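The values are calculated or read from the model by the stated rules, or taken from the named source; none is laboratory data. Being a predicted model, the structure only gives us computed values, none of them experimental. Glycine also receives a Cβ, built like all others from the backbone with ideal geometry; neighbour counts cover every protein chain displayed. For accessibility, only protein heavy atoms count, side chains too; no ligands or nucleic acids. Shrake-Rupley method; radii C 1.70, N 1.55, O 1.52, S 1.80 Å.
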Amino acid sequence: QVQLVESGGGLVQAGGSLRLSCVASGNIFSILAMGWYRQAPGKQRELVAGITSGGSTSSTNYADSVKGRFTISGDNARHTVYLQMNSLKPEDTAVYYCSMRVGFLEINDYWGQGTQVTVSS
């Protein structure tokens with residue numbers, strides 16, 4: 001069983017920055033992917049940024065709406081994923097969730113409880 005704990009959310013003015021962190025604990029053998037999603041009231045959950053890994057190769061991807069402003073990074077050894085958010089806009093307001101895909105013989109996805117990010121005008 002794996003648990004993810006997020007931190008770094010809060011209230012910030014437009015143009016400001018926040019850094020979200022997510023640390024996983026539990027029985028982790030291999031992290032295959034890490035990502036951040038967000039969900040605003042009345043909207044579906046969407047991928048914000050993700051890191052996928054295949055052995056020594058990794059790649060990142062971003063939603064078009066955040067590309068150039070957000071940066072995802074991870075530390076597999078510390079079971080941690082970060083999301084640096086710069087130039088925040090009111091439309092970035094949402095609950096942000098981190099996720100990790102772990103496993104070897106069996107692959108499972110785990111999710112954090114979410115952290116609120118509110119950007120004021």
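Scanning region 36-56 for residues that are free of Cβ contacts under 8 Å to residues at least 24 places away in the same chain and outside any loop (DSSP other than H, G, I, E, B) gives E46, L47, G50, T52, S53, G54.
Scanning region 23-35 for residues that are among the hydrophobic types (A, V, I, L, M, F, W, C), open to solvent by 30 Å² or more (accessible area, probe 1.4 Å) and at pLDDT 95 or above gives a single hit, V23.
Of everything listed in (1) out of contact with any helix residue (DSSP H, G or I) (no Cβ under 8 Å at 6 or more places or on another chain); (2) at pLDDT 95 or above; (3) buried (at least 17 other Cβ atoms within 10 Å of the Cβ), the single unmet condition for G74 is (2). Count of region 4-22 residues, restricted to those that are open to solvent by less than 50 Å² (accessible area, probe 1.4 Å) and farther than 11 Å from L88 by Cα, is 8.
When each of S65, S59, S87 is tested for being modelled with pLDDT under 95 and either more than 12 Å from the chain's Cα centre (by Cα) or assigned to a strand (DSSP E or B) (or both), the lone residue that passes is S59.
Only a single criterion out of (1) surrounded by fewer than 14 Cβ atoms within 10 Å (Cβ to Cβ); (2) modelled with pLDDT of 95 or more is not satisfied by R38, namely (1). Pairing residues of region 92-104 that are closer than 10 Å to R45 by Cα and among the acidic types (D, E) with residues that are part of a strand (DSSP E or B) and open to solvent by less than 40 Å² (accessible area, probe 1.4 Å), at Cβ distances under 9 Å and at least 6 apart in sequence or on separate chains, gives no pairs at all.
Results for (1) at negative phi; (2) in contact with a Lys or Arg (Cβ under 7 Å, 6 or more places away or on another chain), shown as yes or no for each residue.
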| residue | (1), (2) |
| --- | --- |
| G15 | no, no |
| I28 | yes, no |
| L32 | yes, yes |
| Q44 | yes, no |
| D64 | yes, no |
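Each residue in region 77-98 was checked for being open to solvent by less than 30 Å² (accessible area, probe 1.4 Å) and either over 17 Å from Q116 (Cβ atoms) or among the acidic types (D, E) (or both), and 3 of them qualify. Quick one: in region 105-121, of everything that is touching a residue at least 60 places away in the same chain (Cβ under 8 Å) and part of a loop (DSSP other than H, G, I, E, B), which residue is surrounded by the most Cβ atoms within 10 Å (Cβ to Cβ)? Here the residue is G112.
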